[in-house]
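The block underneath contains the structure these notes are about, expressed in structure tokens.
The values are calculated or read from the model by the stated rules, or taken from the named source; none is laboratory data. A quick note: this is a predicted structure, and the numbers were derived from the prediction, not measured. When we count neighbours, we look across all protein chains shown, and the Cβ atoms used for this are built from the backbone with ideal geometry, even at glycine. Accessible surface areas use protein heavy atoms only, side chains included; no ligands, DNA or RNA. Shrake-Rupley method; radii C 1.70, N 1.55, O 1.52, S 1.80 Å.
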Amino acid sequence: MTTQSRIDILLGTYNGERFVERQIESILDQMDDRCRLLVRDDGSTDRTVLMVRQFARQHPRQIRLLNDAGPRLGPCGNFGRLLEHSDADYVVLCDQDDVWRPGRIALPLERLQAIERRLGVDTPALVHTDLVVVDENLRTIAPSFWAYSRISPRHGGHLNRLLVQNVVTGCATMINRSLARLASPIPANVQMHDWWLALVAAAFGRVEAIPQATVLYRQHDNNQLGAVRYDWRYVLRRAKEMFRCGDMMRRFHETQRQAAAFGDRFAASLPQRDEATVAAYLKLDRAGFLNRRMQLLRHGFLKTGWLRNLGWLIVI
């Protein structure tokens, strides 16, 4: 880290008493005097807030629990509010139920600073890493979340692909001040905060992936989003659900609403090529059967992996 860098770690909590203590301990292991942990609770009814307050009393210069009571905002709104309270040079996102591995701050920070040296500090940038998939007791399920879920951040990190599918995992993400400033506040029609940040970075700056795993991605009964081994066995088990037209069309229209929010926010500033890409995506549901598939292929509105694209091209 450079002496000039200030780093905010954003932790959104909700009924996380089972795991939040271990996560905060792993965060503290990598913090120094340039780091601050900002925590916002989203209305927990268990002991989560008491546990965070105890940590804040023990580490008053490093941990701040926001006094921001109100109606539940959900994960996206919770992180959006945290982002509005941050003014650091770099922002790290994390979840309450994971555990950090060594390098969670240092690796993405080094890459972000390399991007800024190459393209300038005003370039919005997002860097994310791979994760180790673990069970509730931190036993390894898979050494690579990307391989386990059959996602390709290298191919999926461009705007046309990100309109369709998110390949950025928030709890393994770090962004710079330029992106935080441009992306905030997060609109209401956004599906997830990490997806929104990836869209903004892809259109106006850089999205880069680091193959090293810096997070133990804990899987348990209450995961908001979890890891799925995406292979032919999974497809066979869920074939009826995956290829059910109504469900897939509903998810498609949700991505269109997110794209519309993105287009509305940045209508005056999007590069012409990206403006045309977003407009084409928003018109897809009005195109005929053959023309829609031609547009999917022409603009590269595809997912990662042939199994996902098979269902996508058949149903949409």
Residue among N176, N189, N160 that is under 15 Å from V92 (Cα atoms) and of a type in the set (S, T, N, Q): N176
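Check T140, T123 and return the single one that is of a type in the set (S, T, Y), more than 28 Å from W306 (Cβ to Cβ) and open to solvent by 10 Å² or more (accessible area, probe 1.4 Å). Spell out how you get there, then give the answer.
Numbers: T140 fails: more than 28 Å from W306 (Cβ to Cβ).
Every option except T123 fails the conditions.
Only residues that are without any contact (Cβ under 8 Å) to a residue 60 or more places away in the chain and at positive phi: list them for segment 113-145, please. Full working, then the answer.
Filtering segment 113-145 for residues without any contact (Cβ under 8 Å) to a residue 60 or more places away in the chain gives 114, 117-118, 120-122, 137, 139-140.
Listed by number, the list holds a single entry, G120.
Could you pull out the residue among D130, D135 that is among the charged types (D, E, K, R) and under 14 Å from the mean Cα position of the chain (by Cα)?
Working: D135 fails: under 14 Å from the mean Cα position of the chain (by Cα).
Being among the charged types (D, E, K, R) and under 14 Å from the mean Cα position of the chain (by Cα) holds for just one of D130, D135, which is D130.
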Candidates L83, L93, filtered to the one that is within 18 Å of A213 (Cα to Cα) and open to solvent by less than 20 Å² (accessible area, probe 1.4 Å): L93
Close pairs from segment 146-165: first modelled with pLDDT of 90 or more, partner of a type in the set (D, E, K, R), Cβ under 6 Å, at least 6 apart: W146/D130; Y148/R229; L159/D274; V164/K303; Q165/K303
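Conditions (1) closer than 20 Å to A106 by Cβ; (2) at pLDDT below 95, marked per residue:
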position	(1), (2)
Q4	yes, yes
L28	yes, no
R40	no, no
P60	no, no
L66	no, no
Number of the exception - T13 against (1) free of Cβ contacts under 8 Å to residues at least 40 places away in the same chain; (2) buried (at least 21 other Cβ atoms within 10 Å of the Cβ); (3) of a type in the set (S, T, Y): (1)
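Out of the helices (runs of 4 or more DSSP H) lying entirely within segment 239-309, which hold 2 or more residues that are at pLDDT 90 or above and either open to solvent by 40 Å² or more (accessible area, probe 1.4 Å) or touching a Phe, Trp or Tyr at 6+ places or on another chain (Cβ under 8 Å) (or both)? I'd like the intermediate steps shown before the answer.
Values: elements: 239-242, 245-265, 272-282, 289-299.
So the answer is 245-265, 272-282, 289-299.
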Conditions (1) within 23 Å of Q272 (Cα to Cα); (2) open to solvent by 30 Å² or more (accessible area, probe 1.4 Å): number failed by A198: (2)
